[in-house]
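The values are calculated or read from the model by the stated rules, or taken from the named source; none is laboratory data. The structure displayed is predicted, hence computed values, not measured ones. Cβ placement follows ideal geometry from the backbone for every residue including glycine, while neighbour counts extend to all protein chains displayed.
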């Protein structure tokens, strides 16, 4: 343990140290102080009025005002979008505007637009009715004149008038509605009344058509004149409305952010409480320990800018509540932290798996996806997202594209590791290449013409890097690659599970829990490595010595017949004695994990409260001096039966999980083999088969089918499959060894989050 004790502190492995703080703010500078805290975004306020409804809080009227202004801004934004105008997010905000002036402006703009919309609708309705009237005059005129005299000239004249008007700008205002013109001849006032009722019931518009030709021409000219005037009026109204919306569009985004910030400030102020004098607001919350100087500076500026005679009091308090978890991330590490947080947010000051997942996650993905041709395709996709991240980050993307853009750096590392593993497997779209020199094998005699079937002998040093290309297509290719990838999966699994257990030691050491080190970490390391660590050792020895020992037989009979002679399966001297010793250590480790810890906890609990009924009354001031940057440990009531059952479940879960988790890592072998075989099938049965024909059409069709299968099956479905399996290995097999994940995120009051949401 001395080696671990001498290691430097791993600051990136832990969440930021948090402090529980109290703010006593004079009323006159409360708004400005909270606004300045929102700008730095490093304080998470605690709701001190959670027993009150939103309508019983102090600043409910201000919140309602901001809500009403938000409604008006949404109305203005909808009008701008309907007019197909752009909303500028970078134009300068009016420097002297305040919330009251903005409220007046928004009311004036809303009233003006509503009035313009109402007038425009009335004018449009009148225009449509006049246009219908003109068309009725044109169509119905043919029934009222003799075909020999004036029907054709009148209809031609009306057609010319209608077409001349339809060529104008008014066409832009019309909504295309198909209507039928009909003429009703009747006799008598009673028939006229019935006809009007029928027309009204079906929504038909009735227009009087004069029988006299001269009168009809006069009415037509009057209607045409009014239509032209309405077109001019409508066009002027649209231009004016467009100008108004353009001027609003230059400021609507800034106005929206201003209202959002004001509403967020008042919502935060509603979480604060008045003191007994009703002159100060009292707030409590969490902040990172490193942010205290920034917060104090912001509060001093708020006091000075508000001309307050009383300063803001900021002091650190003690709390029995668990602090929130806050990890500082950047564009590169954010996606990996989100992968871990999707399983569960780390407990305060718990070891963060994301630090190691930056490497292990893309590497395990690449073990299953190893093909440097496919890796290059992933690399190009990742580089496209990264090089255009500024443009794509400002756009609204679809769900799939947004997910890919958020994980662009994860895809980048997955691509790099896929190229690396593909070079180890020597696969480029399933085709091997002699990249690192010539093969170590050749034909044994002159009769051996096909070097991929039989007669291969080794004549030189092994291939320098990765799998020898001569294995591809040979009769022993599948058994060799199966053995290689299966053993490699076990080695990687044992290594990662050991890393998880070692991190549990650092967690226990950091929190000063010696019991977890002695009765959890030590027996777990002994049990896992006595069985599966020994299996990893046998694999390495077999690779190094070239032995033909059957490892299945060795591991099975290690349990069934530990005293039996190993014979041909012996890999090194003393192996039998070592196996018996490891088996005994594994058997001892199980009760070591199960029994001591609950009984020791029970003993400590009895000794702590033996001979006294009351505990020690602790002073918050002394606690504050002892632990200024962390929450006080909260001791819950001790229940021996619950502790024992929990320890028993944990021990059984670990013992059974050691077997199942090691077997679970064989998915690395299975998916790698499946990916390789699928790639081989697509290459040999589609591309090569099509290339065997002389027809360009067949070759082109084969290339198209191969490209489609590669893109959608290997590069999309297989990528998603390998990603999910790597996710499972990290969440269950790796993080399950040490990670609790029952914390909660640090969510500070921040204006930056409002901008990101917008």
Given the structure, is residue 436 without any contact (Cβ under 8 Å) to a residue 12 or more places away in the chain and surrounded by fewer than 17 Cβ atoms within 10 Å (Cβ to Cβ)?
no
Within region 267-280, of all residues that are within 37 Å of the chain's Cα centre (by Cα) and not in a helix (DSSP H, G or I), the one surrounded by the most Cβ atoms within 10 Å (Cβ to Cβ) is 272
Subset of region 320-334, residues surrounded by fewer than 20 Cβ atoms within 10 Å (Cβ to Cβ) and either over 20 Å from the mean Cα position of the chain (by Cα) or outside any loop (DSSP other than H, G, I, E, B) (or both), comes to 320, 321, 322, 334
Can you work out which of the residues in region 650-700 that are outside any helix (DSSP H, G or I) and surrounded by fewer than 17 Cβ atoms within 10 Å (Cβ to Cβ) is farthest from the chain's Cα centre (by Cα)?
694
Test residue 42 against the criterion of being closer than 27 Å to residue 327 by Cβ and either surrounded by 15 or more Cβ atoms within 10 Å (Cβ to Cβ) or at pLDDT 90 or above (or both), and give yes or no.
yes
Inside region 185-205, can you point out the residues that are under 60 Å from the mean Cα position of the chain (by Cα), surrounded by 10 or more Cβ atoms within 10 Å (Cβ to Cβ) and free of Cβ contacts under 8 Å to residues at least 60 places away in the same chain?
199, 200, 204
Those residues that are surrounded by fewer than 17 Cβ atoms within 10 Å (Cβ to Cβ) and touching a residue at least 60 places away in the same chain (Cβ under 8 Å), I need them from region 468-484; list them, please.
482
Would it be correct to say that residue 487 is surrounded by 18 or more Cβ atoms within 10 Å (Cβ to Cβ) and at pLDDT 90 or above?
yes
Among the residues that make up region 360-377, is at least one of them under 19 Å from residue 404 (Cα atoms) and free of Cβ contacts under 8 Å to residues at least 40 places away in the same chain?
no
Residue 133 passes all but one of (1) under 30 Å from residue 211 (Cβ atoms); (2) modelled with pLDDT of 90 or more; which number fails?
(2)
So which residues in region 497-512 are touching a helix residue (DSSP H, G or I) at 6+ places or on another chain (Cβ under 8 Å), free of Cβ contacts under 8 Å to residues at least 60 places away in the same chain and farther than 20 Å from residue 585 by Cβ, if there are any at all?
508
Kindly indicate which of 78, 98 is at pLDDT 90 or above, more than 30 Å from residue 324 (Cβ to Cβ) and out of contact with any strand residue (DSSP E or B) (no Cβ under 8 Å at 6 or more places or on another chain).
78
Is there a residue being modelled with pLDDT of 80 or more and not in a helix (DSSP H, G or I) anywhere in region 188-197?
yes
Of the candidates 21, 34, the one satisfying the condition of being within 30 Å of residue 276 (Cα to Cα), modelled with pLDDT of 90 or more and assigned to a helix (DSSP H, G or I) is 34
Can you list the helices (runs of 4 or more DSSP H) lying wholly within region 342-442 that have 2 or more residues being closer than 25 Å to residue 676 by Cα?
354-369, 372-387, 408-425
Residue 418 - would you say it is over 18 Å from the mean Cα position of the chain (by Cα) and under 24 Å from residue 707 (Cβ atoms)?
yes
Considering only residues that are buried (at least 18 other Cβ atoms within 10 Å of the Cβ) and part of a helix (DSSP H, G or I), which ones fall in region 297-311?
298, 299, 302, 303
Tell me, please, whether a residue that is touching a residue at least 60 places away in the same chain (Cβ under 8 Å), touching a helix residue (DSSP H, G or I) at 6+ places or on another chain (Cβ under 9 Å) and either buried (at least 16 other Cβ atoms within 10 Å of the Cβ) or more than 30 Å from residue 649 (Cα to Cα) (or both) can be found in region 569-586.
yes
